[in-house]
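These notes concern the structure reproduced below.
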Amino acid sequence: MNQVYEKLMTCFESVKKKIDFVPKVALVLGSGLGDYGDSIQIEQVLDYHEIEGFPVSTVAGHKGRFLFGYVENVPVVIMQGRVHYYEGYPISDVVLPTRLMRLLGAEILFLTNAAGGVNFDFKAGDFMMITDQISNFVPSPLIGPNEEKLGERFPDMSEIYDKDLQEVIRCAARELDIPLKEGTYVQLSGPNFETPAEVRMCRILGGDAVGMSTACEAIAANHMGMKICGISCISNLGCGMTDQPLTHIEVQETADRVAPLFKQLVTKTIVGANKLLEGK
Ligand code: HPA
């Protein structure tokens, strides 16, 4: 038996004993968005600790729980706190929650994060819609025996970030009058921030933003056939692009400052994404 799959099913069965909610959209909250759940109609809450075998995040300030509820009548599951590869978990554990949300019914995965800008056109506080990604600096979550029930061995990656959902995000930003950048997200392992040379490397490779999450989750979700979209809050410029050293506090402060706008963008995107699912 495939151990990764077995663990996933243990978690799934543990959740099903407690939760009967069927989400359409799965939302992963990045830095700054942690309290997004306060503004939605919550039906059920499930702490990660309550799920048998579930990886629990150790990052200070990251709450670890699933919220099940409605964003303007759209049934959603929200991950309040994600698990990062740098915490020491195997990459299969890092993407277990993503897979679980798919098994619970979510068809769309909406990824958010705080990221460093490596594109000189960006500034702290910008939003970047993710159009593509580079993830080769962390192991693929699909390494190991393939579980055909989840997806195929060699999944196509030509359009991980769904083109229609990208258009939904563009429209949402336009309607809210929020300037929107677009670009490629590079996932590095962290937890150290990049050196100036690594930031240059990301730029030379074609990256626009760099962070420590997201791309692995998108790979696992794409494997399972989900429609994916993502937005990065550019919380800072990459190391070496300014004279200032970078701190986690700066990342958090910028993410918190622009959070009200980010929340509006997330809500409008979810409503638009649901219309897309319903074929309206
Ligand atoms: N690098 C990596 N991850 C990040 C950054 C950064 O500059 N900012 C926020 N998350």
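The values are calculated or read from the model by the stated rules, or taken from the named source; none is laboratory data. Computed from a predicted structure; not experimentally measured. Ideal geometry is used to build each Cβ from the backbone, glycine not excepted, and the neighbour counts take in all protein chains shown. Side chains included, ligands, DNA and RNA excluded: accessible areas come from the protein's heavy atoms. Shrake-Rupley method; radii C 1.70, N 1.55, O 1.52, S 1.80 Å.
Observations, loosely collected:
- For residue 24, a cut-off of 21 angstrom between C-alpha atoms picks up these lysines, skipping any fewer than 8 places away in its own chain: 16, 149, 163, 227, 263, 268, 275, 280.
- Expressed as a whole percent, the accessible surface of segment 188-246 that belongs to carbon and sulfur atoms is 55, based on a 1.4 Å probe.
- Solvent-accessible ranking of 87, 13, 182, largest area first, probe 1.4 Å: 13, 182, 87
- Amide H to amide H, with H built 1.01 Å from N, residue 114 comes under 5 Å of 31, 233, counting only residues 5 or more places away or on other chains.
- Once the Cα-Cα distance is subtracted from the 0.36 nm per residue extended length, the residue 2 to residue 257 segment shows a gain of 87.4 nm.
- GNM result for the chain, Cα springs below 10 Å: residue of 156, 35, 256 fluctuating most strongly: 156
- Taking the charge dipole of the chain about its Cα centre, with +1 at Lys and Arg Cβ atoms and -1 at Asp and Glu Cβ atoms, the residue from 68, 248, 29 reaching farthest to the positive side is 68.
- Rolling a 1.4 angstrom probe over the protein heavy atoms with all chains in place gives the chain an accessible area of 43 Å² per residue.
- In summary, the aspartates and glutamates within cross-link reach of residue 7, defined as a Cα separation below 12 angstrom excluding same-chain residues under 8 places away, comprise 52, 93.
- 161, 86, reordered so the largest accessible area comes first (probe 1.4 Å): 86, 161
- Of all beta bridges that DSSP places with both ends in the chain, some 40 percent have antiparallel geometry.
- Shape class for segment 64-145: oblate, because the ratio a/c of the largest to smallest gyration tensor axis (alpha-carbon atoms, square roots of eigenvalues) is 1.5 or more and b/c is at least a/b.
- Within the listed set 166, 133, 252, the Gaussian network model of the chain (springs between alpha-carbon atoms below 10 Å) gives the highest mean-square fluctuation for 252.
- Lys, Arg +1 and Asp, Glu -1 on Cβ, resulting dipole of the chain about Cα centre, debye, nearest 20: 260 debye
- A probe of 1.4 angstrom, applied to the heavy atoms of all protein chains, finds residue 131 with accessible area near 50 square angstrom.
- Karplus 3J(HN,Hα) series, Hz, for segment 196-201 with 6.51 cos²θ - 1.76 cosθ + 1.60 (x for Gly, Pro): x, 5, 5, 5, 4, 4
- Karplus (6.51, -1.76, 1.60) ³J(HN,Hα), θ = phi - 60°, over segment 66-77, in Hz, Gly and Pro reported as x: 9, 10, 10, x, 10, 9, 6, 6, 8, x, 10, 10
- Ratio of Rg to Rh over the chain (Cα coordinates, Kirkwood Rh, two decimals): 0.94
- Karplus-derived HN-Hα couplings along segment 137-154 (A = 6.51, B = -1.76, C = 1.60, θ = phi - 60°), whole Hz, x at Gly and Pro: 8, 10, x, 5, x, 8, 5, x, x, 7, 9, 4, 5, 8, x, 7, 4, 10
- In this view, the solvent-accessible surface of residue 171, computed with a 1.4 Å probe and all protein chains in place, comes to about 50 Å².
- Listed residues 268, 263 arranged by accessible area, highest first, probe 1.4 Å: 268, 263
- Residue 157 accessible area, 1.4 Å probe, all protein chains in place, Å² to nearest 10: 70 Å²
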